[in-house]
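Only the coordinates and a few stated rules stand behind these numbers; no lab work does. On a predicted model such as this, the values are computed, not experimentally measured, just so you know. Cβ atoms come from the backbone with ideal geometry, glycine included; neighbour counts cover every protein chain shown.
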Amino acid sequence: MQITRLKLKNWRNFREADIPLAVRTHVLGANASGKSNFLDVFRFLRTVAQTDGGGVQKALKDRGGLTKLRSLHARRDPEVLIELELMDDSGPVVTRWRYVLGLKSEGKGQQRVLVSEERVERNGKLLLDRPHNQKDKEDPERLTQTHLEQIGSNLEFRALADFFASTTYLHLVPQLLKHGDEIGARIPESDPFGQGLMQRIAQTPKKTRDARLKRIQKALENAVPLFSELRFEQDPISGLWHLEANFTHWRVHGSWQRENQLSDGTLRLIGLLWALQEAGGLLLLEEPEQSLNDAIVAHIPLLIDRVLRDRKRRTSSRQVIISTHSEILLQNVDGGSQSLIIEPGENGSTVREPNESELEQIQHGLTPAEVLLPKTRPQGVQQMGLWV
Amino acid sequence: MKRILVVGEDALCCALGEQLVLAALPGWAVAGQPIDTKGVTKLIPALPRYAEQARFVQPVLCIADTDGHCVKEWLHRNSPANGHQNLLIRLAVTEAESWLLADQEGLAHGLQVEKRRLPRAPDDVLDAKGALLQLLTKSKLRYIRDEAVSPTDRTRQGPGYNLHLSNFVRAFWNAERARESSPSLARAFKNLQKLGDGNA
């Protein structure tokens, strides 16, 4: 399954957006322009579709309620709307889906958030249309939940719910993994910040785990100086699983270091390589270039390419959306991927594809990094630098 | 409005290229922000790509330093095989800083340095950057003295060198004035005008 188009209304700092999405999409923008907010749409839908501890009310609560979610630029029309077009090419025939979710505050009484619209279409045929049906009219309470989150109601579009729920978001924060014990932080569901990476690795069946770790080891051998071996061991006393890396030095056997001793870059690379190998579904990568040496960043597009190439062989296809500031990363992507540019403005941010003249420049010699990245640079920096 | 892409080997070359276009090609606009290749070693391998851009999309002005090499030799060695009349490679003799030094009035006013210390023939100054840095250490502006020149080694550039000099070029530097005293700039100016006429 793959998302082919996304429309937004009043979503965080986007008053409106309507953009096509490719198998691989790069999201570019200045700081605070809304790159993470853009990726958050898919995380929101994942929480809505999750069967354990998910649902639309949970997704709203995680984000501080609808008032925090709704764009500040929504003046007349207070509805928050997400519309997606999807394509499923895993079967012999291509199936096209459309899912629309609108949310609005009740406007009276408890000010609950109600579903103002929920529509599902398969190949143009309407499967669900809320709230224009008898049941919703009879019992307004039903509008506090979506049908996407209800196993009893989503039978006809279960594939859609499963797809949303399988989204992976990765923004590994090495410090959380290294100092998890001291911070004592709760691990959010689906572990976006990588604190639970060890548990996730441990939960993977041994054969799959070994195969993946072997591939990671091979990559690390080339990327991390002095690194020689990777192993995944259970501590005999605490019972906790640990990732250990061996670094060669003057002693014959080198030294084994646990994940909390590894460098930030090594950890982020391990997290990235693990996420790329995990099963299908949408993969959201937040600035994968962080903490990594430029020479390694240059290889990230190739890594992602390899994952995408496997797409045909797998039953579930993998789509990747990457937010980035990195020139090096963009220099190495090929022309087939899509870039989206987020531009902040007085009426909220707008997100757009490259225009015709930009595409022409890219087609004839220039790289997306040369054409598009300068447009996301804040003007003030060039004028005077960062004054303190 | 016609557009031209500016490519420079550093931020200063980019700023100079922008001002050159503004002065020599009235009615033209610089296509987006100039591309800073961050070093001549990255500019040279990219030249065939810019030649393709010049052939199919828009004229390209590339600015680099000769760094003491002979211009003819440099061009012979590094010009791309797919060169095009719309790809204009101009080299500052000996460095981009020579072009900066060529506008004495602008320099004295914008960077607050003494005019009488400025060289008459900047193209003949062997180490233009060194000469400029020496002038900057005597600037009346504190932020130029403190940031454009390295605080530990007064013969090297400081962390704010590119930023302050690029801003100076945009705000004070005048290509018309500068070409009077720099023959290499005058040639670049003329060729740019010729490129404009060719695309009229």
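For the stretch B:1-85, which trypsin sites (Lys or Arg not before Pro) are in a loop by DSSP, counting at most 13 other Cβ atoms within 10 Å? Walk me through the numbers before you get to the answer.
On the way: sites: B:Lys2, B:Arg3, B:Lys38, B:Lys42, B:Arg49, B:Arg55, B:Lys72, B:Arg77; in loops: B:Lys38.
Here the trypsin sites (Lys or Arg not before Pro) that fit, given the DSSP loop and packing criteria, are B:Lys38.
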Beyond 19 Å, how much of the Cα-Cα pair distribution for the stretch B:98-176 remains, as a whole percent? 27
Spelling it out for B:Gly158: with amide H atoms placed in the peptide plane at 1.01 Å from N, the residues 5 or more places away or on another chain with amide H under 5 Å from its amide H are B:Val149, B:Ser150
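Counting only other chains, and only Cβ atoms inside 10 Å, what mean value do you get across the residues of A:359-365? Before the final figure, lay out each step's value.
On the way: counts 0, 4, 7, 2, 4, 10, 15.
Other-chain Cβ atoms within 10 Å of each residue's Cβ, averaged: 6.
Is there a pair in A:Lys7/A:Lys58; B:Lys2/B:Lys129; A:Lys35/A:Lys214 whose C-alpha atoms are over 28 Å apart, and which pairs would that be? Mind showing how you got there, number by number?
Working: A:Lys7/A:Lys58 22 Å; B:Lys2/B:Lys129 34 Å; A:Lys35/A:Lys214 33 Å.
In this structure, B:Lys2/B:Lys129; A:Lys35/A:Lys214 exceed 28 Å between Cα atoms.
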Nearest 10 degrees is fine. How inclined is helix B:40-56 to the longest principal axis of chain B, computing both from alpha carbons? 40
How large is ³J(HN,Hα) for each residue in the stretch A:74-89, as worked out from phi by the Karplus curve 6.51 cos²θ - 1.76 cosθ + 1.60 (θ = phi - 60°), to whole Hz, x for Gly and Pro? 7, 9, 7, 9, x, 6, 9, 10, 10, 10, 10, 10, 10, 9, 10, 10
With contacts defined as alpha carbon pairs under 8 Å and 6 or more residues apart, what's the relative contact order of the stretch A:161-220 in percent? 30
Report, in debye and to the nearest 20, how large the dipole of chain B comes out about its Cα centre when Lys and Arg carry +1 and Asp and Glu carry -1 on their Cβ. 200
Cα centre as origin, Lys/Arg/Asp/Glu Cβ charges: the protein assembly as shown dipole, Debye: 320
Placing one equal point scatterer on each C-alpha of chain B and summing with Debye, one gets log10 I(q)/I(0) at q = 0.19 Å⁻¹ equal to -1.35
Picking from A:Gln338, B:Cys14, A:His249, whose Cα lies most toward the positive end of the charge dipole for the protein assembly as shown (charges on Cβ: Lys, Arg +1; Asp, Glu -1)? A:Gln338
Would you mind checking the stretch A:184-208 for residues with the amide N under 20 Å from a putative spin-label position 7 Å along Cα→C-beta of A:Gln175? A:184-188, A:191-198
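Using only DSSP helix segments of four residues or longer, with each worth -39500 (n - 2.57), what per-residue ellipticity at 222 nm results for chain A after dividing by its residue count and rounding to 500?
Working: 16 runs with 124 residues, N = 388.
Counting only the DSSP helices, I get -8500 deg cm²/dmol.
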Per-selection metrics, the protein assembly as shown (Cα): Rg and Dmax in Å: 28.9, 91
What trypsin sites (Lys or Arg not before Pro) does the stretch A:163-206 have in DSSP loop regions with at most 10 other beta carbons within 10 Å? A:Arg186
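Please give the charge dipole size of the stretch B:98-176, origin at the Cα centre, charges +1 on K and R Cβ atoms and -1 on D and E Cβ atoms. Round to the nearest 20 debye.
Values: 12 positive and 10 negative charges, 68 e Å.
Taking the Cα centre of the stretch B:98-176 as origin, the dipole is about 320 debye.
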So for A:Leu359, A:Leu126, fewest C-beta neighbours within 10 Å to most, what's the order? A:Leu126, A:Leu359
Counting each pair of different Cα atoms once, what's the Kirkwood radius of the stretch B:132-200 in Å, rounded to one decimal? 13.9
Among the chymotrypsin sites (Phe, Trp or Tyr not before Pro) within the stretch A:32-135, which fall in a DSSP loop and have no more than 15 other Cβ atoms within 10 Å of their own Cβ? none
P(r) tail for the stretch B:1-84, what percent of Cα pairs lie past 16 Å? 52
